[in-house]
Amino acid sequence: MKTMRVALVIIALLAAALAPTQAAPEIVVAIRYLEAQGTSHSQLFLYREDGRLLRQLTNDNSGQMTNPMFAPDGETIVFTRETVSCKDYWSIEPKGGNLHSLPGTPSWYTREKTSPFFTNLEEEGDSGPNPNAPSDQQKTLSFKAPDGSVELILNQTEDEDDQYNGPGHGKHYQIRDLLTGEVTEFQRIPGFEGAYEILHLSQDKNERFLIQPPLRLAFFGLHLNSTEGDTCFALDLTAPRLVRLSPNWATPIPLPGEPAFLTLTEVRYVDIPHSSKRANSSFMERWDANFHKVRYSKQGAALCYGASMYRPGKTPAVVSIKNFRE
């Protein structure tokens, strides 16, 4: 009997060793590293989810490589090459082989839009009160998390800081624990600098929370000043705490089924190497439930021209962010 048990254990171990392992998620990013002299060009770079650069996929200085997108099966990446005179479409495998031009765009490439992201933009033509920030007309707004854990109460007060969208605004906003009834003002939450409007999902203006346990978040925008523009905070509903996602703006992009999210992160006035010039930069980052982040580019002045992540076994398998400059 003992011999049989040992044999069964060995068979189980061999089966586990021989079983196919699921590929790790990868992200392809179109990055343009800005140079002091001449014209810089956007190229495709493939990263492992943990931030390790796997390979540079293109080295074409005839135009800008933009909007890379994994095919639904992850076997190929289609992207756009934009030159002064035309726009054409190319395909390459993630391993770097089989680079070739396409006679037309695959239907899935044309059909797919940017994945849902959190934003403060309202629908064009909407001139009514901001539904995501309290005003003199609507002094209190409240939003309950879909998991029934907390309620966010956004109060417009007579406090001087609450009279404009800027640092210090929102100090009297509250988070109320729906189980215990405990109420905490935002000014007492670690990381508070200010909060104005709660962000909503681009494809559903009524969705204002990112609940992917243990990740439980709401996002807030805040205007800084005319030089620094706006910034974005993640409110951790569990701790609670406020985490600033960028010195300037950051666009949160959910990764459905994972306790993580991406950001298209923007930073103003980054030094261009070997010059006295500065430029606004953008790049992709990934944040986990502990707010540890991974950056998918080198340090320095860079512009992101689109990105796509392939996540085997997840739904959807592909999360894509198209070039916001189009």
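The values are calculated or read from the model by the stated rules, or taken from the named source; none is laboratory data. All figures in this text were calculated on a predicted structure; none of them were measured in a lab. Ideal geometry is used to build each Cβ from the backbone, glycine not excepted, and the neighbour counts take in all protein chains shown.
Here are the numbers:
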{"read-out": "Looking only at the range 198-236, and only at residues there that are of a type in the set (Asp, Glu) and not in a loop (DSSP other than H, G, I, E, B), the one that is surrounded by the most Cβ atoms within 10 Å (Cβ to Cβ)", "value": "236"}
{"read-out": "Condition met for residue 315 (hydroxyl-bearing (Ser, Thr, Tyr) and either in contact with a strand residue (DSSP E or B) (Cβ under 9 Å, 6 or more places away or on another chain) or at pLDDT below 95 (or both))", "value": "no"}
{"read-out": "Tabulated pairs, the range 177-194, first farther than 17 Å from residue 161 by Cβ, second of a type in the set (S, T, N, Q), C-beta under 7 angstrom, 6+ apart or interchain", "value": "178/149; 183/174; 184/174"}
{"read-out": "Residue 265 being touching a Lys or Arg at 6+ places or on another chain (Cβ under 9 Å), assigned to a strand (DSSP E or B) and not basic (Lys, Arg)", "value": "yes"}
{"read-out": "Output for the range 259-281, where each listed residue is in contact (Cβ under 8 Å) with a residue 40 or more places away in the chain and under 15 Å from residue 117 (Cβ atoms)", "value": "260, 261, 262, 264"}
{"read-out": "Conditions (1) assigned to a loop (DSSP other than H, G, I, E, B); (2) of a type in the set (Val, Ile, Thr); (3) within 15 Å of the chain's Cα centre (by Cα); number of the one not met by residue 253", "value": "(1)"}
{"read-out": "Qualifying residues in the range 153-164 (those that are crowded, with 18+ Cβ neighbours inside 10 Å and among the polar types (S, T, N, Q)) - the one modelled with the lowest pLDDT", "value": "156"}
{"read-out": "Verdict on residue 55 being closer than 25 Å to residue 275 by Cβ, within 26 Å of the chain's Cα centre (by Cα), assigned to a strand (DSSP E or B) and not aliphatic (A, V, I, L, M)", "value": "no"}
{"read-out": "Subset of the range 298-314 (residues that are among the small types (Gly, Ala, Ser) and farther than 18 Å from residue 78 by Cβ)", "value": "300, 301, 302, 313"}
{"read-out": "Residues that are in a loop (DSSP other than H, G, I, E, B) and more than 17 Å from residue 144 (Cα to Cα), drawn from the range 240-249", "value": "245, 246, 247, 248, 249"}
{"read-out": "Residues (of a type outside the set (A, V, I, L, M) and in contact (Cβ under 8 Å) with a residue 40 or more places away in the chain) located in the range 96-112", "value": "96, 109, 112"}
{"read-out": "Single residue of the range 35-59 satisfying the filter (buried (at least 20 other Cβ atoms within 10 Å of the Cβ) and in contact (Cβ under 8 Å) with a residue 60 or more places away in the chain) that is nearest to residue 97 (Cα to Cα)", "value": "45"}
{"read-out": "Residue within the range 148-164 that is part of a loop (DSSP other than H, G, I, E, B) and within 18 Å of residue 233 (Cα to Cα) present", "value": "yes"}
{"read-out": "Complete set of residues in the range 60-89 that are aromatic (Phe, Trp, Tyr) and free of Cβ contacts under 8 Å to residues at least 24 places away in the same chain", "value": "89"}
{"read-out": "Counted residues, the range 52-76 - those being more than 12 Å from residue 42 (Cβ to Cβ) and at pLDDT below 95", "value": "0"}
{"read-out": "Qualifying position, being modelled with pLDDT under 95 and either within 24 Å of residue 287 (Cβ to Cβ) or not charged (D, E, K, R) (or both), among 146, 167, 214, 134", "value": "134"}
{"read-out": "The range 216-229: number of residues that are touching a residue at least 60 places away in the same chain (Cβ under 8 Å) and either out of contact with any Leu (no Cβ under 8 Å at 6 or more places or on another chain) or within 13 Å of residue 120 (Cβ to Cβ) (or both)", "value": "3"}
{"read-out": "Qualifying residue in the range 283-292 (condition: farther than 25 Å from residue 143 by Cβ and either surrounded by fewer than 20 Cβ atoms within 10 Å (Cβ to Cβ) or at pLDDT below 95 (or both))", "value": "yes"}
{"read-out": "Residues satisfying the stated conditions in the range 283-299, i.e. closer than 13 Å to residue 265 by Cβ and of a type in the set (Phe, Trp, Tyr)", "value": "283, 287, 296"}
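A quick yes/no check of all residues on (1) in contact with a His (Cβ under 7 Å, 6 or more places away or on another chain); (2) among the polar types (S, T, N, Q); (3) assigned to a loop (DSSP other than H, G, I, E, B):
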{"position": "130", "(1), (2), (3)": "no, yes, yes"}
{"position": "133", "(1), (2), (3)": "no, no, yes"}
{"position": "143", "(1), (2), (3)": "no, no, no"}
{"position": "172", "(1), (2), (3)": "no, no, yes"}
{"position": "190", "(1), (2), (3)": "no, no, yes"}
{"position": "238", "(1), (2), (3)": "no, yes, yes"}
